[in-house]
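Here is the structure we will look at, set down as structure tokens.
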Amino acid sequence: MSQDLALDVIIVGAGVLGCSLALELARRSHRVVVLDSRGGPGYGSTSASSAIIRYHYSHLPESAIAWEAGHRWQDWERHLGVVDPIGMAQFVPSGALVLEGPGYDIELFVSILRELNIDVDELTAAELRERFPGLDPQRIGPATVLEDDHFWAEPTGELAGMYVEGAGHIDDPQLATHNLAHAAEANGAVFRFGCEVVAVLRDGGRVSGVELAGGERVHARVVVNVAGPWSAQLNRLADVLEDFTTTTRPLEHEVVSVPAPADFRLGHGGTCVTDADFATYFRVHAGDTIIVGGLEPPCDELVFLDSPDDAATSISQKTWELQTLRLARRLPGLGIPSTPRGIIGVYDVTEDWIPIYDRTALDGYYVAIGTSGHGFKQAPFVGEIMARLIEQVEGGHDHDREPLVVKGSWTGVDVDLAHFSRLRGVVPQRGMG
Ligand SMILES: Cc1cc2nc3c(=O)[nH]c(=O)nc-3n(C[C@H](O)[C@H](O)[C@H](O)COP(=O)(O)OP(=O)(O)OC[C@H]3O[C@@H](n4cnc5c(N)ncnc54)[C@H](O)[C@@H]3O)c2cc1C
């Protein structure tokens, strides 16, 4: 892009998505300022991410984004084009296993993965035992709360599953975000931390910048809301929500940490698991530990917050007991320590758990929001998707009438952005299928 076509862009939010977008826009020679109220990149919801890089989704466009992004995670230095002096995040090839259960259609996952030429193995219970000896593949679900007698009921059969060897996780999501910010800076992007955006400015029917707490005004032709679970607050300030068919809401999410049994560790039968039968997800983690979170089954209360800042600061005893005991039923070798450990994060959830990557009715104001607890993996490609979307729309393309299809340059996948439109038909669901 020549300098005279370069755009002035304000990105609100230096999480993994905002930093990825900053890199892609700066690479295209746009003048980028990233504003964040916190002290550094990745200090928001990204810091709590389990950072699982899986490719199975119930919809092809999301699998396609994850697959293209997965290639970039796996060749991180090539993607960034620079080496961050504080260290580089690593893709850990821990694989991804799904156990069948309500709301998780393995046949559908497999057909989408195969359409994208992603290697996937369908496994019987006997094959699951052989490959993952520490894991008991008996049907114990559907998940219940601890007080329900069914929690301890005898198994009612055996589970089938699917496994993607090429999946994994990122060892340090905050460092990965720092890596993106460093690469963006190397391409000319400017980061300003400790800056809270308190107003979105308009001029002549389009966005013209933002106002910071303290009164400073920063002007730009383009403003992008990449504010994670604070996205709804910023959209309200911008007054753009009238034509959205889905909302974004902050949902508290607790992730518990336990010592891993010897038969479920990295390189020794451990992997990333979506246990749709008993409604947990868990993965091997550094220091021979396992982290485990819930899949939001109907029996679990969803804790929506007015603001992400209202989230609890320490793991509740109730969640600790529930998730560790659910995990113990799946991993019989698990020992449960008496002291609760874990972290609390906040998802930015839409009604259908599909993100919104789109323009808005306010010219120049864009959103990459509503990542619903699964947006970390998508970030390296979503930055490029948003950069291309912004360029096309600013160049006059009517994306609402004719949604763009973006091709992944590493895998050749096509992503139809109609799927992520703020105007899409929304089918509400609970949890990320
Ligand atoms: C517990 C947990 C586990 C997860 N596990 C996974 C997983 O395994 N795999 C996966 O793919 N995804 C996972 N996710 C989801 C993923 O982490 C998120 O989708 C992703 O990190 C969101 O990044 P972001 O950049 O959009 O938001 P954030 O990282 O939240 O960044 C938003 C930034 O905006 C700033 N901000 C907000 N409002 C303002 C304002 N008005 N002014 C200035 N700055 C502002 C905030 O300070 C923040 O730094 C998980 C999320 C959580 C919480």
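Some notes on this structure:
- Working note: Karplus 6.51/-1.76/1.60 with θ = phi - 60° gives the range 16-31 the couplings 4, 6, x, 6, 5, 5, 4, 4, 5, 5, 5, 4, 8, 6, 7, 8 Hz, where Gly and Pro are set to x.
- Springs between Cα atoms under 10 Å define the GNM used for the chain, and in it the highest mean-square fluctuation of 228, 103, 13 occurs at 103.
- Global geometry of the range 142-195, whether rounded, prolate or oblate, following the gyration tensor of its Cα atoms and the 1.5 cut on a/c: oblate
- Rounded to the nearest Hz, the phi-derived 3J(HN,Hα) couplings of the range 122-132 under the Karplus curve 6.51 cos²θ - 1.76 cosθ + 1.60 (θ = phi - 60°) are 8, 10, 7, 4, 5, 5, 4, 4, 5, 7, 10, where x marks glycine and proline.
- Seen from all directions on average, the range 185-288 presents a Cα convex hull projection of 11.9 nm².
- Each peptide in 411-421, 119-129 gets a packing score, the mean of other Cβ atoms within 10 Å over its residues, and the list from highest to lowest is 411-421, 119-129.
- Dividing the summed -39500 (n - 2.57) terms of all DSSP H runs of n ≥ 4 by the residue count of the chain sets its mean residue ellipticity at 222 nm at -7000 deg cm²/dmol.
- Largest-first principal axis extents, alpha carbons of the range 327-433, Å: 60, 30, 22
- Rg ratio (alpha-carbon, reference 2.2 N^0.38 Å) - the range 30-179: 1.29
- GluC sites (Glu not before Pro) within the range 144-248: DSSP coil, no more than 11 neighbouring Cβ in 10 Å: 147, 216
- The convex hull defined by the C-alpha atoms of the range 256-413 has an orientation-averaged projected area of 12.6 nm².
- Cα Rg, Dmax (largest Cα-Cα span) when computed across the range 389-433, Å: 13.1, 38
- A simple charge model with +1 on the Cβ of Lys and Arg, -1 on the Cβ of Asp and Glu and nothing else charged puts the dipole of the chain at about 880 debye relative to its Cα centre.
- Shown in residue order for the range 146-158 are the 3J(HN,Hα) couplings computed by the Karplus curve 6.51 cos²θ - 1.76 cosθ + 1.60 at θ = phi - 60°: 4, 6, 7, 4, 4, 3, 9, 5, 5, x, 10, x, 10 Hz (x for Gly and Pro).
- For residue 92, the residues whose modelled amide H falls within less than 5 Å of its own, excluding neighbours fewer than 5 places apart on the same chain, are 169, 170, 171.
- Close amide H contacts of residue 415 (hydrogens built in the peptide plane, cut-off under 5 Å, sequence separation of 5 or more or a different chain): 406, 407, 408.
- Within the chain, all pairs of alpha-carbon atoms sorted by distance into 10 Å bins from zero give the percentages 5, 22, 33, 25, 12, 4, 0.
- Taking 4 °C and 1.567 mPa s as conditions, the range 345-408 diffuses translationally at an estimated 103 µm²/s according to Stokes-Einstein applied to its Kirkwood radius (Cα pairs).
Throughout, read-outs are computed from the coordinates displayed, never taken from laboratory work. Remember, it's a predicted structure, so these values are computed and weren't measured experimentally. Positions of Cβ are generated from backbone atoms using ideal geometry, with glycine treated the same way; all protein chains shown enter the neighbour counts.
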